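Right, one structure below, let's go through it.
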Protein chains: 2
Amino acid sequence: MKVVSAIKRVPEDIKARLKNNFEQVEFFFCHGMKEAKALIAEADVLITYGEDVTPEMIGEAVNLKWIMVLSAGMDQMPFEEIEKRNIVVTNVRGIHRKQMAEYAISMLLQVYRQAKTMIESEHNHEWNRRISIREINGQTMVLLGTGAIAQETARIAKAFRIKTIGVSKSGKAKDYFDETLPVDRIEEALPKADLVVAVLPSTRETSYLLKEEHFQLMPDHAVFLNMGRGDLVASHVILKAVRNHQIGHAVLDVFEEEPLPEDHTFWGEKNITVTPHFSGKSPQYIPRGFDLFEQNLQSFLNRDGEMKNLIDPKRRY
Amino acid sequence: MKVVSAIKRVPEDIKARLKNNFEQVEFFFCHGMKEAKALIAEADVLITYGEDVTPEMIGEAVNLKWIMVLSAGMDQMPFEEIEKRNIVVTNVRGIHRKQMAEYAISMLLQVYRQAKTMIESEHNHEWNRRISIREINGQTMVLLGTGAIAQETARIAKAFRIKTIGVSKSGKAKDYFDETLPVDRIEEALPKADLVVAVLPSTRETSYLLKEEHFQLMPDHAVFLNMGRGDLVASHVILKAVRNHQIGHAVLDVFEEEPLPEDHTFWGEKNITVTPHFSGKSPQYIPRGFDLFEQNLQSFLNRDGEMKNLIDPKRRY
């Protein structure tokens, strides 16, 4: 059996561990898809980030039975061809949760503690004790989304003694949320929010879900943080909310257009913090992805039906 | 019975609540000790930050039975006179724990996530995804001190799945510490530390406890954070540790000399972050102090022997 990986820079210890643990498997660790393509005709299993798999490649890959996508987004996968061939697809949904929870807590503390002002004072050698610091304990956090990432963020928020309210499609109760509401009752949650953390995937239903009226409902000191998808809310709506003091601050990691153009208004806006879509970045990303791959490879070989994060090609998630 | 408070800017709702809850007590809320002094001869109870109580005042305060110190440091209290007169002293030990835990976690995240570089890139309108971010989950934190503040920091660290090792005088086990060691075995803890959080009070035993040899024991990527007392370690030892890459970064909120002079080397040092002794600052400081005062006032009036944070004038803590 042949596993072809298109993932660049897989650490040597991971390669060695896989080869050691699966002696019956031949592994080909390629430096990107260009290299991997040459081997695709022989591959039983393909490991990829999922952005560069073409319908033609699926045609060529006559032995292919399983694609492991080392990403959570599946927008660019040729699911029609995959479905016809009954190729199994799995992804790494869930491995972003630790770093994204740390991103959220870190950025909220940065805003609440006026870190930018503090760093500027430090830069000026200024012993500035006039900076007014707020505490995050005792605050209320409304999370838009109650999936793995939202739940991990809520779990840590609870340790800070933050009240957590989750808003999801179903409104189903979940661990680490003091309350959960269905999205059609979002208006009840927003007025209570000191902190709003959006971590919704991009679907037809979430696209431009947040409108001006939603920002009007938030308290004027609220901090809005978006680390989900850039099309949750139009840029001009965020800008208006901040400039009209409907909210206190916006922390944005995702945008309608990425990279955010150099001349975009957001960059210079006092009460907007821009980060370059890196909430999901982690030095542990590849190790965690391959940990999940290894578990799935065991199940794949055993045919035990226990593979994790199986994707339904019809629903595409 | 007369309560004289020397605390400036006590919020009106707190004054009203106390007057309402204790009709048998006369409250005098003064704007600082200068004003309070004029009433000291009649005071049964004095509320003070404890820095401006003189032996002469104790002499004048012929009715004084209880001093509530709205601080944790008691260095400047005239304990000899207080002991002679059998005046009860209580302080607010423990009310710093929430803000100081938030300070510690926030600053560690700031260093691990390269917030200064990120903010600089943002300032330059630069979509910079090359910043290498580390996660704090999975790290090991050595806390010097296992009191209320260290324990609260350890509690939140545990939520981040950080391993916590506490070092204290006794080494007695405490909640939220995976391990605890007595200070004479500190050498066993330091080599394991990704994060070192010092929150020791200033006593004869902790004064200049940390020496060059201790920094040599830490891993070269370790982040050292001191929010306890400035005389835990000499400035030149920290500077050497950072410059010689014995540690990766130092976050300092307390110093041998405060305010830190404008021309001090620390300010400009790449791998040192200076904050102006504000880890204990909080908008909740006075409310929390008066909450504790109110509980103690109830016990004081009931003579139920339940007063919290009683200070032994001999041991001075």
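Just one of (1) surrounded by 14 or more Cβ atoms within 10 Å (Cβ to Cβ); (2) within 14 Å of chain A (Cβ to nearest Cβ); (3) part of a loop (DSSP other than H, G, I, E, B) trips up residue B:210, so point out which.
Going through (1) surrounded by 14 or more Cβ atoms within 10 Å (Cβ to Cβ); (2) within 14 Å of chain A (Cβ to nearest Cβ); (3) part of a loop (DSSP other than H, G, I, E, B) one by one, residue B:210 breaks only (2).
Pick from segment A:32-63 the residues that are among the β-branched types (Val, Ile, Thr) and assigned to a helix (DSSP H, G or I): which of them is nearest to residue A:2 (Cα to Cα)? Explain how you work it out, then say what you get.
Step one: filter segment A:32-63 for residues among the β-branched types (Val, Ile, Thr), giving A:40, A:45, A:47-48, A:53-54, A:58, A:62.
In the following step, the residues that additionally are assigned to a helix (DSSP H, G or I) were identified as A:40, A:58.
Values: A:40: 10, A:58: 16 Å.
Looking at the filtered set, the residue picked out is A:40.
Would you mention how many residues in segment B:106-137 are acidic (Asp, Glu) and touching a residue at least 60 places away in the same chain (Cβ under 8 Å)? Don't jump to the end; show me each part of the working.
If we filter segment B:106-137 for residues that are acidic (Asp, Glu), which is where we start, we get B:120, B:122, B:126, B:135.
Next, only the ones that are touching a residue at least 60 places away in the same chain (Cβ under 8 Å) stay: none.
Looking only at that region, the number is 0.
Residue by residue through segment A:240-261, note down the ones that are in contact with an Asp or Glu (Cβ under 7 Å, 6 or more places away or on another chain), on the phi < 0 side of the Ramachandran plot and open to solvent by 10 Å² or more (accessible area, probe 1.4 Å).
A:240, A:246, A:248, A:256
Give segment A:237-282 a look and list any residue that's in a strand (DSSP E or B) and either of a type in the set (Asp, Glu) or in contact (Cβ under 8 Å) with a residue 40 or more places away in the chain (or both), or say none. Working first, answer last.
Here is the first cut: in segment A:237-282, the residues in a strand (DSSP E or B) are A:249-252, A:272-274.
Residues satisfying the conditions are A:249, A:251, A:273.
Does residue A:246 satisfy the criteria of being more than 20 Å from residue A:49 (Cα to Cα) and not assigned by TED's automatic domain parsing to the domain that holds residue A:113?
When the stated conditions are applied, residue A:246 does not pass them.
Which one of these is open to solvent by less than 10 Å² (accessible area, probe 1.4 Å) and closer than 30 Å to residue B:296 by Cβ: B:92, B:88? So that I can check it myself, show each step before the final result.
On the way: B:88 fails: open to solvent by less than 10 Å² (accessible area, probe 1.4 Å).
Being open to solvent by less than 10 Å² (accessible area, probe 1.4 Å) and closer than 30 Å to residue B:296 by Cβ holds for just one of B:92, B:88, which is B:92.
Pull up segment A:18-31, narrow it to residues that are outside any strand (DSSP E or B) and free of Cβ contacts under 8 Å to residues at least 40 places away in the same chain, then point me to the one that is least open to solvent (accessible area, probe 1.4 Å).
Of the residues in segment A:18-31, the ones outside any strand (DSSP E or B) are A:18-25, A:30-31.
Next cut, free of Cβ contacts under 8 Å to residues at least 40 places away in the same chain only: A:19-20, A:23, A:30-31.
On the way: A:19: 107, A:20: 104, A:23: 155, A:30: 8, A:31: 96 Å².
That would be A:30.
For the structure I just gave you, tell me whether residue B:105 is more than 20 Å from the chain's Cα centre (by Cα), among the hydrophobic types (A, V, I, L, M, F, W, C) and within 11 Å of another protein chain (Cβ to nearest Cβ). Lay out the reasoning, then the answer.
Numbers: more than 20 Å from the chain's Cα centre (by Cα): no; among the hydrophobic types (A, V, I, L, M, F, W, C): yes; within 11 Å of another protein chain (Cβ to nearest Cβ): yes.
So residue B:105 does not fit the description; no.
Where in segment B:93-204 are the helices (runs of 4 or more DSSP H), entirely inside, with at least 3 residues that are within 16 Å of residue B:226 (Cβ to Cβ) and at pLDDT below 95? Even if it seems obvious, please write down each step before you answer.
Numbers: elements: B:97-112, B:115-123, B:148-159, B:186-189.
Correct list: empty, since no element meets the threshold.
Looking at segment B:138-150, I want the residues that are more than 13 Å from residue B:93 (Cβ to Cβ) and have a partner that is among the aromatic types (Phe, Trp, Tyr) and open to solvent by 10 Å² or more (accessible area, probe 1.4 Å) with Cβ atoms under 8 Å, at least 6 apart or on another chain. Which pairs are those?
B:143/B:177; B:146/B:177
Considering only residues that are open to solvent by less than 40 Å² (accessible area, probe 1.4 Å) and either under 18 Å from residue A:114 (Cα atoms) or within 8 Å of another protein chain (Cβ to nearest Cβ) (or both), which ones fall in segment A:140-180?
Scanning segment A:140-180 gives A:155, A:156, A:159, A:160.
Out of curiosity, is residue B:59 in the same structural domain as residue B:32 (by TED's automatic domain parsing) and either of a type in the set (Ser, Thr, Tyr) or under 30 Å from residue B:222 (Cα atoms) (or both)? Walk me through how you get there before you give the answer.
Working: in the same structural domain as residue B:32 (by TED's automatic domain parsing): yes; either of a type in the set (Ser, Thr, Tyr) or under 30 Å from residue B:222 (Cα atoms) (or both): no.
Considered against the rule, which asks whether it is in the same structural domain as residue B:32 (by TED's automatic domain parsing) and either of a type in the set (Ser, Thr, Tyr) or under 30 Å from residue B:222 (Cα atoms) (or both), residue B:59 comes out as no.
May I ask you to say which residue of B:37, B:2, B:65 is modelled with pLDDT of 95 or more, among the basic types (Lys, Arg), over 23 Å from residue B:93 (Cβ atoms) and open to solvent by 80 Å² or more (accessible area, probe 1.4 Å)? Write out each step before concluding.
Numbers: B:2 fails: open to solvent by 80 Å² or more (accessible area, probe 1.4 Å); B:65 fails: over 23 Å from residue B:93 (Cβ atoms).
Just one listed residue meets the conditions, B:37.
Could you list, in sequence order, all residues of segment B:115-129 that are open to solvent by 20 Å² or more (accessible area, probe 1.4 Å) and within 19 Å of residue A:104 (Cβ to Cβ)?
Here is the first cut: in segment B:115-129, the ones open to solvent by 20 Å² or more (accessible area, probe 1.4 Å) are B:116-117, B:119-120, B:123-127, B:129.
Scanning segment B:115-129 gives B:119, B:129.
The values are calculated or read from the model by the stated rules, or taken from the named source; none is laboratory data. It should be emphasised that the depicted structure is a prediction, and the values quoted were computed from it without experimental measurement. Ideal geometry is used to build each Cβ from the backbone, glycine not excepted, and the neighbour counts take in all protein chains shown. Just the protein is used for accessible areas: all its heavy atoms, side chains included, with ligands, DNA and RNA removed. Shrake-Rupley method; radii C 1.70, N 1.55, O 1.52, S 1.80 Å.
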